[in-house]
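To start, the structure under review is shown below, and the notes come after it.
The values are calculated or read from the model by the stated rules, or taken from the named source; none is laboratory data. Nothing here was measured: the structure is a model prediction, and the numbers come from that model. Don't worry about glycine lacking a Cβ; one is built from the backbone with ideal geometry, like all the others, and counts go over all protein chains shown. When the accessible area is computed, the model is the full protein with side chains, heavy atoms only, and any ligands, DNA or RNA have been set aside. Shrake-Rupley method; radii C 1.70, N 1.55, O 1.52, S 1.80 Å.
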Amino acid sequence: HLCLSGEAEGVSELRIATTHTHARYTLPSVIKRFNARSPNVVLNLRQGGDPAQCAQLVADGEADIGITTDIDRLPRGTIAVPAFSLSRCLVVPRSHPITREKLTLRNIARYPLIAYTRPPGDRWLFGSTFTDAGLEPHIVLSAIDADVSKTYVALGLGIAVLASVAYSPEQDHKLVALNVDHLFRPGSIVVVFRQCAPVIQHTLSFLSLFAPHL
(Lines give C-alpha, C1' and ligand atoms only; values in the text may rest on other atoms or scores of the structure.)
Protein backbone atom coordinates (compact mmCIF):
# COMPACT_ATOMS: atom_id res chain seq x y z
CA HIS A 1 0.00 0.00 0.00
CA LEU A 2 1.04 3.60 -0.59
CA CYS A 3 0.41 6.41 1.86
CA LEU A 4 -0.24 9.83 0.39
CA SER A 5 0.92 12.81 2.42
CA GLY A 6 1.42 16.53 2.15
CA GLU A 7 4.79 18.24 2.04
CA ALA A 8 7.29 16.83 4.48
CA GLU A 9 8.82 19.55 6.63
CA GLY A 10 12.06 20.85 5.16
CA VAL A 11 11.88 18.62 2.07
CA SER A 12 13.34 20.31 -1.02
CA GLU A 13 14.73 17.31 -2.89
CA LEU A 14 13.20 14.56 -5.01
CA ARG A 15 15.47 11.57 -5.60
CA ILE A 16 14.72 9.47 -8.67
CA ALA A 17 16.56 6.23 -9.43
CA THR A 18 16.73 5.56 -13.15
CA THR A 19 18.95 4.14 -15.86
CA HIS A 20 20.99 6.10 -18.39
CA THR A 21 18.47 5.48 -21.17
CA HIS A 22 15.54 6.99 -19.27
CA ALA A 23 17.62 9.83 -17.82
CA ARG A 24 18.77 10.63 -21.35
CA TYR A 25 15.58 10.12 -23.37
CA THR A 26 12.43 9.57 -21.27
CA LEU A 27 12.71 12.18 -18.53
CA PRO A 28 14.23 15.45 -19.86
CA SER A 29 10.98 17.06 -21.04
CA VAL A 30 9.21 16.02 -17.83
CA ILE A 31 12.04 17.38 -15.68
CA LYS A 32 11.96 20.69 -17.56
CA ARG A 33 8.25 21.11 -16.87
CA PHE A 34 8.62 20.01 -13.25
CA ASN A 35 11.43 22.52 -12.72
CA ALA A 36 9.20 25.30 -14.01
CA ARG A 37 6.36 24.19 -11.73
CA SER A 38 8.49 23.51 -8.62
CA PRO A 39 11.65 25.65 -8.90
CA ASN A 40 12.49 25.19 -5.20
CA VAL A 41 12.70 21.40 -5.47
CA VAL A 42 16.09 19.93 -6.35
CA LEU A 43 15.84 16.85 -8.54
CA ASN A 44 18.52 14.27 -7.80
CA LEU A 45 18.86 11.59 -10.49
CA ARG A 46 20.45 8.47 -9.02
CA GLN A 47 21.68 6.37 -11.92
CA GLY A 48 21.53 2.60 -11.66
CA GLY A 49 23.33 0.36 -14.11
CA ASP A 50 20.21 -1.73 -14.68
CA PRO A 51 16.57 -1.88 -13.51
CA ALA A 52 17.37 -4.10 -10.53
CA GLN A 53 19.92 -1.59 -9.22
CA CYS A 54 17.37 1.21 -9.56
CA ALA A 55 14.82 -0.76 -7.55
CA GLN A 56 17.44 -1.53 -4.91
CA LEU A 57 18.18 2.19 -4.50
CA VAL A 58 14.49 2.68 -3.70
CA ALA A 59 14.45 -0.30 -1.33
CA ASP A 60 17.51 1.06 0.51
CA GLY A 61 15.90 4.49 0.95
CA GLU A 62 18.50 6.16 -1.30
CA ALA A 63 15.81 7.17 -3.81
CA ASP A 64 12.20 8.21 -3.35
CA ILE A 65 10.97 6.49 -6.54
CA GLY A 66 12.45 4.55 -9.40
CA ILE A 67 11.65 4.96 -13.08
CA THR A 68 12.95 2.11 -15.17
CA THR A 69 11.98 -0.84 -17.33
CA ASP A 70 10.19 -3.90 -16.00
CA ILE A 71 12.09 -5.87 -13.36
CA ASP A 72 12.38 -9.65 -13.12
CA ARG A 73 12.55 -9.73 -9.32
CA LEU A 74 11.75 -6.79 -7.06
CA PRO A 75 13.64 -6.21 -3.81
CA ARG A 76 11.70 -6.92 -0.63
CA GLY A 77 9.51 -4.02 0.43
CA THR A 78 9.03 -2.46 -3.02
CA ILE A 79 6.27 -2.46 -5.61
CA ALA A 80 6.38 -1.57 -9.32
CA VAL A 81 3.45 0.17 -11.00
CA PRO A 82 3.38 -0.13 -14.83
CA ALA A 83 3.26 3.28 -16.47
CA PHE A 84 3.84 2.85 -20.22
CA SER A 85 4.44 0.08 -22.72
CA LEU A 86 7.92 0.06 -24.26
CA SER A 87 8.23 -0.60 -27.99
CA ARG A 88 11.32 -2.00 -29.70
CA CYS A 89 13.22 -0.95 -32.78
CA LEU A 90 16.10 -2.25 -34.88
CA VAL A 91 18.73 0.48 -35.22
CA VAL A 92 20.84 0.22 -38.38
CA PRO A 93 22.92 2.51 -40.64
CA ARG A 94 20.76 4.23 -43.24
CA SER A 95 22.43 2.35 -46.10
CA HIS A 96 22.19 -1.07 -44.46
CA PRO A 97 20.75 -3.78 -46.75
CA ILE A 98 18.19 -4.90 -44.15
CA THR A 99 16.32 -1.64 -44.76
CA ARG A 100 15.30 -3.17 -48.11
CA GLU A 101 14.40 -6.60 -46.74
CA LYS A 102 11.44 -8.06 -44.93
CA LEU A 103 11.96 -7.74 -41.18
CA THR A 104 12.11 -11.28 -39.79
CA LEU A 105 14.18 -12.82 -37.01
CA ARG A 106 15.98 -14.95 -39.58
CA ASN A 107 16.96 -11.93 -41.67
CA ILE A 108 18.11 -10.00 -38.58
CA ALA A 109 20.20 -12.97 -37.43
CA ARG A 110 22.08 -12.97 -40.75
CA TYR A 111 23.90 -9.78 -39.77
CA PRO A 112 26.40 -9.02 -36.97
CA LEU A 113 24.54 -7.87 -33.87
CA ILE A 114 25.38 -5.57 -31.00
CA ALA A 115 23.72 -7.06 -27.93
CA TYR A 116 22.05 -4.71 -25.46
CA THR A 117 22.73 -6.53 -22.21
CA ARG A 118 22.16 -6.13 -18.51
CA PRO A 119 23.49 -7.97 -15.46
CA PRO A 120 23.64 -10.58 -14.11
CA GLY A 121 25.93 -12.42 -16.49
CA ASP A 122 25.65 -9.84 -19.28
CA ARG A 123 22.37 -11.43 -20.33
CA TRP A 124 21.16 -10.26 -23.75
CA LEU A 125 17.62 -9.05 -23.34
CA PHE A 126 16.44 -10.57 -26.63
CA GLY A 127 18.58 -13.68 -26.80
CA SER A 128 15.76 -16.05 -25.87
CA THR A 129 13.65 -14.73 -28.76
CA PHE A 130 16.22 -15.98 -31.25
CA THR A 131 16.85 -19.20 -29.33
CA ASP A 132 13.15 -20.05 -29.29
CA ALA A 133 13.13 -19.58 -33.07
CA GLY A 134 16.10 -21.96 -33.46
CA LEU A 135 18.48 -19.16 -34.47
CA GLU A 136 22.00 -18.37 -33.29
CA PRO A 137 22.81 -14.73 -34.09
CA HIS A 138 26.40 -13.58 -34.41
CA ILE A 139 27.10 -11.23 -31.47
CA VAL A 140 30.10 -8.99 -32.15
CA LEU A 141 29.80 -6.71 -29.12
CA SER A 142 27.75 -6.45 -25.93
CA ALA A 143 26.96 -3.12 -24.26
CA ILE A 144 24.74 -2.09 -21.36
CA ASP A 145 24.24 1.43 -22.69
CA ALA A 146 21.98 2.30 -25.65
CA ASP A 147 24.17 5.26 -26.64
CA VAL A 148 27.25 3.03 -26.74
CA SER A 149 25.35 0.54 -28.88
CA LYS A 150 24.36 3.28 -31.35
CA THR A 151 27.95 4.54 -31.54
CA TYR A 152 29.14 1.18 -32.81
CA VAL A 153 26.14 0.76 -35.09
CA ALA A 154 27.09 4.08 -36.71
CA LEU A 155 30.63 2.73 -37.20
CA GLY A 156 29.20 -0.21 -39.13
CA LEU A 157 30.17 -2.83 -36.56
CA GLY A 158 26.68 -4.29 -36.33
CA ILE A 159 22.98 -3.62 -35.83
CA ALA A 160 21.12 -3.41 -32.51
CA VAL A 161 17.67 -4.04 -31.04
CA LEU A 162 16.90 -1.19 -28.64
CA ALA A 163 13.99 0.50 -26.92
CA SER A 164 12.40 2.88 -29.41
CA VAL A 165 12.68 5.75 -26.92
CA ALA A 166 16.48 5.57 -27.27
CA TYR A 167 16.37 6.62 -30.94
CA SER A 168 16.34 10.33 -31.81
CA PRO A 169 15.91 11.20 -35.52
CA GLU A 170 17.59 14.58 -34.98
CA GLN A 171 20.64 13.28 -33.12
CA ASP A 172 20.92 9.87 -34.78
CA HIS A 173 20.73 11.19 -38.33
CA LYS A 174 23.22 8.57 -39.59
CA LEU A 175 20.93 5.79 -38.38
CA VAL A 176 17.41 4.61 -39.02
CA ALA A 177 15.06 2.84 -36.58
CA LEU A 178 12.91 0.01 -37.94
CA ASN A 179 9.88 -1.06 -35.93
CA VAL A 180 10.19 -4.66 -34.68
CA ASP A 181 7.32 -4.78 -32.20
CA HIS A 182 5.94 -7.74 -34.14
CA LEU A 183 9.11 -9.74 -33.45
CA PHE A 184 9.94 -9.01 -29.81
CA ARG A 185 7.91 -9.11 -26.63
CA PRO A 186 7.05 -5.54 -25.57
CA GLY A 187 8.42 -4.26 -22.30
CA SER A 188 7.11 -1.62 -19.95
CA ILE A 189 8.28 1.43 -18.06
CA VAL A 190 7.44 1.12 -14.36
CA VAL A 191 7.49 3.39 -11.33
CA VAL A 192 9.02 1.73 -8.27
CA PHE A 193 7.87 2.71 -4.75
CA ARG A 194 8.72 1.57 -1.25
CA GLN A 195 5.75 -0.14 0.32
CA CYS A 196 4.10 1.71 3.21
CA ALA A 197 6.29 4.78 2.60
CA PRO A 198 4.60 8.20 2.46
CA VAL A 199 4.38 9.70 -1.03
CA ILE A 200 4.97 13.41 -0.55
CA GLN A 201 3.54 16.20 -2.64
CA HIS A 202 6.76 16.68 -4.65
CA THR A 203 6.51 13.11 -5.87
CA LEU A 204 2.83 13.42 -6.72
CA SER A 205 3.52 16.62 -8.66
CA PHE A 206 6.27 14.93 -10.66
CA LEU A 207 4.14 11.87 -11.41
CA SER A 208 1.24 14.07 -12.53
CA LEU A 209 3.57 15.26 -15.31
CA PHE A 210 5.30 11.97 -16.07
CA ALA A 211 2.29 9.64 -15.97
CA PRO A 212 -0.94 11.53 -15.17
CA HIS A 213 -3.04 8.41 -15.82
CA LEU A 214 -1.54 6.79 -12.71
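What number comes out for the charge environment of PRO93, summing +1 per Lys or Arg and -1 per Asp or Glu over other residues with Cβ under 12 Å away?
Here the count lands on +2.
Where nothing but the Cβ of Lys and Arg (+1) and of Asp and Glu (-1) is charged, how large is the charge dipole of the chain around its Cα centre, in debye to the nearest 20?
Roughly 560 debye, rounded to the nearest 20.
Rg (Å, one decimal) plus Dmax (Å, integer) for the alpha carbons of the chain?
18.8, 60
For Cα pairs less than 8 Å apart in space and 6+ apart in sequence, what is the mean separation divided by the residue count of segment 102-193, i.e. the relative contact order in percent?
Dividing the mean separation by the residue count of segment 102-193 yields 30 percent.
Given only helices, namely DSSP H runs of n ≥ 4 each adding -39500 (n - 2.57), what is the per-residue ellipticity at 222 nm of the chain, to the nearest 500 deg cm²/dmol?
-6000 deg cm²/dmol, from helical runs alone.
Can you give me the Kirkwood hydrodynamic radius for segment 72-179, using every pair of distinct Cα atoms, in Å to one decimal?
14.8
Rounded to the nearest 5, what % of the DSSP beta bridges within segment 92-214 are antiparallel ones?
Of those bridges, close to 40 percent are antiparallel.
Give me the percent of the accessible area of segment 101-214 that comes from carbon and sulfur atoms, probe 1.4 Å, all protein chains in place.
Carbon and sulfur together cover 55 percent of it.
Considering only the chain, what is the antiparallel percent among its DSSP beta bridges, to the nearest 5?
60
Please compute P(r) over all alpha-carbon pairs of segment 1-113, binned at 10 Å starting from zero, and give each bin as a whole-number percent.
It works out to 11, 32, 28, 16, 10, 3, in whole percents.
Please report the relative contact order for the chain, taking Cα pairs under 8 Å with a sequence separation of at least 6, and give it as a percent rounded to a whole number.
33
Quick one: putting +1 on the C-beta of Lys and Arg, -1 on the C-beta of Asp and Glu, what dipole do you get for segment 50-173 around its Cα centre, in Debye to the nearest 20?
The calculation lands at about 600 debye.
Residue farthest toward the positive end of the dipole of the chain, with Cβ of Lys/Arg at +1 and Asp/Glu at -1: which of THR99, LEU43, PHE206?
THR99
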